[in-house]
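J.: Sharing a structure here in structure tokens format.
The values are calculated or read from the model by the stated rules, or taken from the named source; none is laboratory data. For clarity, every value in this text was computed on a predicted model and none was experimentally measured. Cβ coordinates were reconstructed from backbone atoms using ideal geometry, including for glycine residues, and neighbour counts include every protein chain displayed. Calculation scope for accessible area: heavy atoms of the full protein, side chains included, ligands and nucleic acids excluded. Shrake-Rupley method; radii C 1.70, N 1.55, O 1.52, S 1.80 Å.
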Amino acid sequence: MIVSGAAVLEFEDYVRARQDALLRSARRLVPDPTDAQDLVQTALARTYPRWEGIADKSLADAYMRRVMINTRTEWWCNPQLDEVHAGELPDARFE
């Protein structure tokens, strides 16, 4: 879906104005700050193409919270197994 120029500016204004509040909402859903930032970014990316379809922009925060909840649930139900976090890499030498 192509978003009009006016809608792009409106969405950018919304993000600038509400980014801190959105991050606080995300922190209530996921404990890790980095995951919360990822959650907000994913929700914004999913909302952007639908921005013009949100008739009442005063409900945009509620829409974003719903997208974040659905995304978090999707992450929880379908965990990515390709990421492994290690504090240190194992020693590559064979003894």
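J.: For the range 1-39: of the residues being of a type in the set (A, V, I, L, M) and outside any helix (DSSP H, G or I), which is surrounded by the fewest Cβ atoms within 10 Å (Cβ to Cβ)?
T.: So the first thing to find is which residues in the range 1-39 are of a type in the set (A, V, I, L, M), and the list is 1-3, 6-9, 15, 17, 21-23, 26, 29-30, 36, 39.
Then drop every residue that is not outside any helix (DSSP H, G or I), which leaves 1-3, 30.
Numbers: MET1: 8, ILE2: 6, VAL3: 14, VAL30: 18.
So the residue we want is ILE2.
J.: Pick from the range 49-79 the residues that are among the aromatic types (Phe, Trp, Tyr) and crowded, with 16+ Cβ neighbours inside 10 Å: which of them is modelled with the highest pLDDT? Spell out how you get there, then give the answer.
T.: First pass over the range 49-79, keeping only residues among the aromatic types (Phe, Trp, Tyr): 51, 63, 75-76.
When the remaining residues are screened for being crowded, with 16+ Cβ neighbours inside 10 Å, the result is 51, 63, 75.
Values: TRP51: 92, TYR63: 95, TRP75: 83.
Restricting to residues being among the aromatic types (Phe, Trp, Tyr) and crowded, with 16+ Cβ neighbours inside 10 Å, the top hit is TYR63.
J.: Which residue pairs have Cβ atoms under 6 Å apart, sit 6 or more places apart or on different chains, and have a first residue in the range 30-59 that is over 12 Å from TYR14 (Cβ atoms) and free of Cβ contacts under 8 Å to residues at least 60 places away in the same chain and a second that is open to solvent by less than 90 Å² (accessible area, probe 1.4 Å) and of a type in the set (Gly, Ala, Ser)?
T.: That search, which allows pairs on different chains as well, returns VAL30/ALA36; ALA36/ALA26; LEU39/ALA26; VAL40/ALA26; GLU52/ALA7.
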